[in-house]
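Student: Can you keep this structure in mind? I'll have questions shortly.
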C-alpha cells in the first residue's frame, strides 16, 4: 500500500471517528433532561447566603519577587509551599506568616509545587522538564542552599503539575507538555507507568494539570490543551478509562470533588464544569457573563470540604465563589478589600476547610479565613 493510499485511509478513518464522536455527544445530550442547577431549583433549593464578611483576607504573605505560579497546603493545615518566577520555593507558616524555608531552585522557571503527605518533603517542576524533590529536614550547604534530594528525569517537555499519591511518601504523578502523565517511584527515581504519549487514548496536546482521587488513589484525572479531561487508572496505563469533552479551550485545572465520584475543570473558555466519572456526563457548567463581552480564562479551581462551594481563579484577578448546587456566584474575592491586583494563578483550601489561600501574578499570596458557621461548608 502506497503512502498516498495510507494517508487517504487515515483521513477517511478520522472523519468516521469524528462523526461517531458527534453522534455520541448528541446521544448523551438527549439523555440529559436537566443539569444540577435545574434539578436543585425544581426541588426548591436556595443558594448559599454568602457575604463579604464570611470570607475575609486575614493575612498577606509577602516575600516573592516574581509571579506566583503554584501553592500547596500540608495536611496539618498550618504550612504552605509556594513556587514563583523568582526561582524560589518558599515554605510559610500560615498562622504567623513567617518563612521557614526559602529554597533556591536550579531552574528558575518553576511551574508547580507540592507537599508530600507527611509534609517532610516538597516537589517542584517546570521548564527544565524535571521534577525535583527537596527534603526539608536536610542540612543546607555553605551558601545556605537546600540540596536536591532526588531528581525525576524522563519527561520530554515541561512539567506542568505534580501531586503526591495520598498517604504515600514514595510515589507522585506529574503532567507534562510532552502530552503524558507519569507515575514515579521516588525511592528509585524511575517511572512506574507512563500515561498517554504513543497510546491512541492519550492526550493529543500539552497536559496542564492532574488531580488524584483521595477516595481511590489509583484513579486520577488530567486536563489538557486538547480541550479534554481524561480519567486514568494507574493499573492500566495503556489507555484512558474515559475521556470528557465539552470545553472549547485549554483545560487549565482539574480537581476531584470531595466524594471522589465527580471532578471539576477550569478552562480558557471561561467556564468551570462538573463531570461524573461513573457516567461520563457533564453535570453542570459554571459561567458568568461579563458586560464587556471579554471572557477571562479560568486558571485554578478548588472545592470546599463539602463540595457546596467551588473557588475559581481568573486571569483578570477575579476569584469567584460558586454555589455548585445552584451554579450561582455568591462572592467575588476580586472585588473585596485586600484583593489581588493580578491574575489568580493558584489557590487551595486548608485540610480542615477553615481557610483558603490564593496566589497571584502580583507576587503575593493571601489567606482568606471563613467566619463562624462558614468553616464547615
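The values are calculated or read from the model by the stated rules, or taken from the named source; none is laboratory data. Here the structure is a predicted model, which is why all the values come from computation and not from measurement. FYI the Cβ positions are ideal-geometry reconstructions off the backbone, even for glycines, and counts take in every protein chain you see.
Student: State whether the residues of the range 313-326 include one that is in the same structural domain as residue 97 (by TED's automatic domain parsing) and more than 20 Å from the chain's Cα centre (by Cα). Explain how you work it out, then say what you get.
Tutor: Taking the range 313-326 as the starting set, the residues that turn out to be in the same structural domain as residue 97 (by TED's automatic domain parsing) are 313-326.
Imposing the further condition that a residue be more than 20 Å from the chain's Cα centre (by Cα) reduces the set to 325-326.
Within the range 313-326, one or more residues are in the same structural domain as residue 97 (by TED's automatic domain parsing) and more than 20 Å from the chain's Cα centre (by Cα).
Residues are listed down the side, and each one gets a yes or a no for (1) within 28 Å of residue 244 (Cα to Cα); (2) buried (at least 16 other Cβ atoms within 10 Å of the Cβ); (3) touching a strand residue (DSSP E or B) at 6+ places or on another chain (Cβ under 7 Å):
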residue	(1), (2), (3)
50	no, yes, yes
65	no, no, no
86	no, yes, no
101	no, yes, yes
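Student: I would also like to ask the following. Taking residue 322 and the conditions (1) modelled with pLDDT under 95; (2) closer than 27 Å to residue 46 by Cβ; (3) surrounded by 23 or more Cβ atoms within 10 Å (Cβ to Cβ), which numbered condition does it fall short on, given that it satisfies the others?
Tutor: So the condition that residue 322 fails would be (1).
Student: Can you say whether residue 251 is surrounded by 20 or more Cβ atoms within 10 Å (Cβ to Cβ) and under 19 Å from residue 123 (Cβ atoms), as far as the supplied structure shows? Spell out how you get there, then give the answer.
Tutor: On the way: surrounded by 20 or more Cβ atoms within 10 Å (Cβ to Cβ): yes; under 19 Å from residue 123 (Cβ atoms): no.
Taking the combined requirement at face value, the residue does not satisfy it.
Student: Separate question: Is it the case that the range 299-312 has a residue that's more than 15 Å from residue 71 (Cβ to Cβ), touching a helix residue (DSSP H, G or I) at 6+ places or on another chain (Cβ under 6 Å), crowded, with 19+ Cβ neighbours inside 10 Å and assigned by TED's automatic domain parsing to the domain that holds residue 44?
Tutor: Within the range 299-312, none of the residues are more than 15 Å from residue 71 (Cβ to Cβ), touching a helix residue (DSSP H, G or I) at 6+ places or on another chain (Cβ under 6 Å), crowded, with 19+ Cβ neighbours inside 10 Å and assigned by TED's automatic domain parsing to the domain that holds residue 44.
Student: Evaluate the following for residue 365: is it at pLDDT 95 or above and either touching a helix residue (DSSP H, G or I) at 6+ places or on another chain (Cβ under 9 Å) or surrounded by fewer than 21 Cβ atoms within 10 Å (Cβ to Cβ) (or both)?
Tutor: Details: at pLDDT 95 or above: yes; either touching a helix residue (DSSP H, G or I) at 6+ places or on another chain (Cβ under 9 Å) or surrounded by fewer than 21 Cβ atoms within 10 Å (Cβ to Cβ) (or both): no.
Answer is no for this residue.
Student: On the basis of being part of a helix (DSSP H, G or I), in the same structural domain as residue 252 (by TED's automatic domain parsing) and out of contact with any helix residue (DSSP H, G or I) (no Cβ under 7 Å at 6 or more places or on another chain), does residue 13 make the cut? Walk me through it before giving the result.
Tutor: Numbers: part of a helix (DSSP H, G or I): yes; in the same structural domain as residue 252 (by TED's automatic domain parsing): no; out of contact with any helix residue (DSSP H, G or I) (no Cβ under 7 Å at 6 or more places or on another chain): yes.
The answer is no for residue 13.
Student: Something else now. Please report, ordered by residue number, the strands (runs of 3 or more DSSP E) entirely within the range 263-345 with at least 2 residues that are in contact with a strand residue (DSSP E or B) (Cβ under 6 Å, 6 or more places away or on another chain), in contact (Cβ under 8 Å) with a residue 24 or more places away in the chain and more than 19 Å from residue 356 (Cβ to Cβ). Before the answer, list the steps.
Tutor: Values: elements: 272-276, 282-286, 298-303, 309-314, 319-323, 328-332.
Strands (runs of 3 or more DSSP E) meeting the threshold: 272-276, 282-286.
Student: While we're looking at this one, here's another question. Looking at residue 353 and the list (1) touching a helix residue (DSSP H, G or I) at 6+ places or on another chain (Cβ under 8 Å); (2) in contact (Cβ under 8 Å) with a residue 60 or more places away in the chain; (3) surrounded by fewer than 20 Cβ atoms within 10 Å (Cβ to Cβ), which single condition is not satisfied?
Tutor: (2)
Student: A follow-up question, please. Do you know which residues across the range 335-349 are farther than 21 Å from residue 94 by Cβ and surrounded by 19 or more Cβ atoms within 10 Å (Cβ to Cβ)?
Tutor: Of everything in the range 335-349, just one residue is farther than 21 Å from residue 94 by Cβ and surrounded by 19 or more Cβ atoms within 10 Å (Cβ to Cβ), namely 343.
Student: Does residue 177 satisfy being modelled with pLDDT of 95 or more and either surrounded by fewer than 21 Cβ atoms within 10 Å (Cβ to Cβ) or over 25 Å from residue 238 (Cβ atoms) (or both)?
Tutor: Numbers: modelled with pLDDT of 95 or more: yes; either surrounded by fewer than 21 Cβ atoms within 10 Å (Cβ to Cβ) or over 25 Å from residue 238 (Cβ atoms) (or both): yes.
Yes; evaluated as a whole, the condition is true for this residue.
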